[in-house]
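The structure appears right after this line, and notes come after that.
Read-outs throughout are calculated quantities, based only on the coordinates presented, and are distinct from any laboratory measurement. Fair warning: this is a prediction, and the values are worked out from it, not measured in the lab. For neighbour counting, all protein chains shown are included, and Cβ atoms are generated from backbone atoms with ideal geometry for every residue, glycine included.
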Amino acid sequence: MKLDINNSKIAVIGLGYVGLPLAIEFAKKYDVLGFDINTTRVEELSEGKDRTQEADLDELRKLIENKKTGNTEIGLTFSSEREELKKYNVFIVTVPTPIDQFKSPDLKPLIMASQMLGSILKSGDIVIYESTVYPGCTEEDCVPVLEKFSGLKFNEDFFAGYSPERINPGDKVNTLTKIKKVTSGSTPEIATYVDDLYSSIITAGTHKAPSLKVAEASKAIENAQRDVNISFVNELALIFDRIGIDTNDVIEAAGTKWNFLKYKPGLVGGHCIGVDPYYLAHKAQSLGYHPQVILSGRRVNDNMGMFVANKVIKLMIHKGHKIQGTKALILGITFKEDCPDIRNSRVIDIYNELCQFGLNVDVYDPHADKTEVGNEYGIELLENLNSKYEAIILAVSHKEFSLINYDELKASDSSVIYDTKSFLDRSIVDARL
C-alpha cells in the first residue's frame with residue numbers, strides 16, 4: 001500500500017475543544033470535514049460561530065468560504081450526516097472519554113464513533129484516535145468494533161493510528177501547532193504516514209512512538225503525573241491548615257531551591273487531569289495490580305471541594321454567623337480560569353456541600369454558558385452581581401474577578417471571603433487554600 005499525505009482527505013469526528021482546532025489546522029492544507037452528531041454545534045460552526053472560544057473566527061470563516069467557492073480543494077465543511085464521511089479516507093476521532101458514576105472509564109462515545117466509522121469504512125482507510133484512553137484501548141476495544149461493522153480486516157484492509165491530544169483549553173499561547181505531538185501507527189508504514197501527516201501542521205515537531213500502546217500510555221501518565229503532584233500540595237494544604245500557616249507562603253519559601261517544583265493547591269477538575277488517572281488505574285486493576293499512588297492522589301483531590309466548603313462554614317461560625325438560610329456567593333463554575341469549559345468542574349462539590357449545610361448559594365460566572373450550566377449541574381447562574389453575601393468564595397480566577405469591589409458584595413464587616421486560587425490581595429480575604 002503506497003501512502004501519500006497529499007492524497008489525504010480528512011474527517012475529524014467530534015468538534016469540541018480538541019476536534020475543532022485540529023480541523024481548522026488541517027483545513028489549511030487538506031480537504032477537511034468537521035463531523036459532529038450535535039446538529040446545533042454543526043449549524044453554529046457552519047455560520048462561523050464557536051461557543052468554545054477556541055477558534056480564530058476570521059480564520060474559521062475563511063476556511064469555510066474556501067470550500068464554498070470551489071476555487072480550491074482545501075478548506076473546511078461541517079456536517080452531521082454520516083453519508084458525507086464516505087468521501088474521506090482519514091478519520092481522526094476526538095470524542096470525549098469521560099468516567100461514569102463509579103469512576104470507571106465510559107467508552108460509549110468512543111465505541112459509538114467506532115461503530116459509525118465501521119459502517120462507512122473502505123479498503124485503505126486509516127482511523128486515528130486522539131481521545132484519551134488506557135494503553136491497549138485502540139487495539140482491544142476500538143479495532144474489533146471497526147472490523148465487525150465494516151467486514152474489513154485490520155492491518156490488511158484498514159489501519160489505525162493514535163496521537164494523544166494535548167490541547168490546553170483557553171490557552172492562547174500554547175496552541176495546537178506549538179505543542180510537540182506524539183504519533184503512532186498500527187504498522188511501521190502507517191506510523192510513518194501518521195507522523196508525516198501531523199508534521200505537516202505541527203510546527204513544534206512530532207515524536208513517533210514505537211507502538212499504539214506507548215502513545216496511549218504517554219497521554220495517561222502526563223495527566224496522572226500532574227494529578228499526583230497537585231494532590232501532594234493539596235495534602236500539604238490540609239496539614240498546614242491545621243498548623244495554622246499559609247500553604248502558599250511555604251511553597252514560596254521552598255521554591256527558592258532550584259529543583260523544587262512549585263505546584264499550587266486547588267480544585268482538580270476538567271476533562272483531563274481529573275479523569276485520565278482513572279483510565280490508567282482501570283487498566284492496572286484489570287491486570288491484577290492495584291495502584292497505590294495514583295488512587296490515593298485522586299482521593300485527596302476529589303475531597304478538596306468538601307474541605308473548602310467546611311473551612312468556609314468554620315470561618316462563618318467563628319465570626320458568629322447563623323448558617324441556615326445565610327446567603328453565599330461562589331465566583332466561577334468553569335474548571336479553569338478565563339475559559340468557558342464546565343466539564344467535570346469540581347466547583348460543584350463546594351456548591352453541593354454548602355447547600356447541604358443550609359446556605360442559599362448563588363453562582364456567578366461571566367465565561368460559562370447559562371444553559372449548559374443549568375443542564376449539567378441544575379444551577380441557574382446569576383446574570384450580574386447585585387446582592388450582598390455573608391460568605392464569598394472565589395473558586396475560579398477569571399480576570400474579571402480582579403476588578404470586583406468585594407466590600408460592595410459583603411453583607412457586613414464580618415462577611416467571610418475565601419480564596420481557593422490565591423488570586424485576590426491577601427488583605428481582603430479571610431483565608432485561602
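Computed values, structure above
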quantity	calculated
Point-to-point label distance, residue 385-residue 83, nm (Cα→Cβ direction, 7 Å offset)	5.3 nm
Pairwise centroid distance, computed over Cα atoms, of segment 168-188 with segment 132-148, Å	21 Å
Residue 317 versus residue 58: modelled label distance in nm, points set 7 Å from Cα along the beta carbon direction	5.7 nm
Segment 270-416: C-alpha gyration tensor shape, a/c 1.5 cut-off, then a/b vs b/c	prolate
Distance-filtered residues of segment 14-58 - backbone nitrogen under 11 Å, label point 7 angstrom along residue 200 Cα→Cβ	26-32
Compactness of segment 193-250 - radius of gyration and Dmax, Cα, Å	19.2, 57
Full-stretch length increase - residue 46, residue 403 - with 0.36 nm per residue and alpha-carbon distance subtracted	125.0 nm
Fraction of the pair-distance distribution of the chain above 38 Å, Cα-Cα pairs, percent	29 percent
Cα-centred dipole magnitude for the chain, charges only on beta-carbon of K, R (+1) and D, E (-1), debye, nearest 20	740 debye
Those aspartates and glutamates that a straight Cα-Cα span of less than 16 Å connects to residue 262, excepting residues fewer than 8 apart in one chain	227, 235, 246, 249, 252
Cross-link pairs 29/67; 181/213; 28/68; 264/399; 103/311 - those with Cα-Cα distance over 20 Å	103/311
Exposure proxy order (Cβ contacts within 10 Å, fewest to most) of 212, 381	381, 212
Global form of segment 1-116, assessed from the alpha-carbon gyration tensor, a/c cut-off 1.5	oblate
Separation between Cα centres of segment 220-263 and segment 85-127, rounded to whole Å	38 Å
Long-range Cα-Cα pairs in segment 201-295 (distance over 16 Å), rounded percent	67 percent
DSSP-defined beta bridges in the chain - what % are antiparallel, rounded to 5	5 percent
Extension gain, residue 111 back to residue 293 (0.36 nm per residue minus Cα-Cα distance, nm)	62.6 nm
Projected label distance in nm at residue 187 and residue 245, using a 7 Å step from Cα toward the beta-carbon	6.2 nm
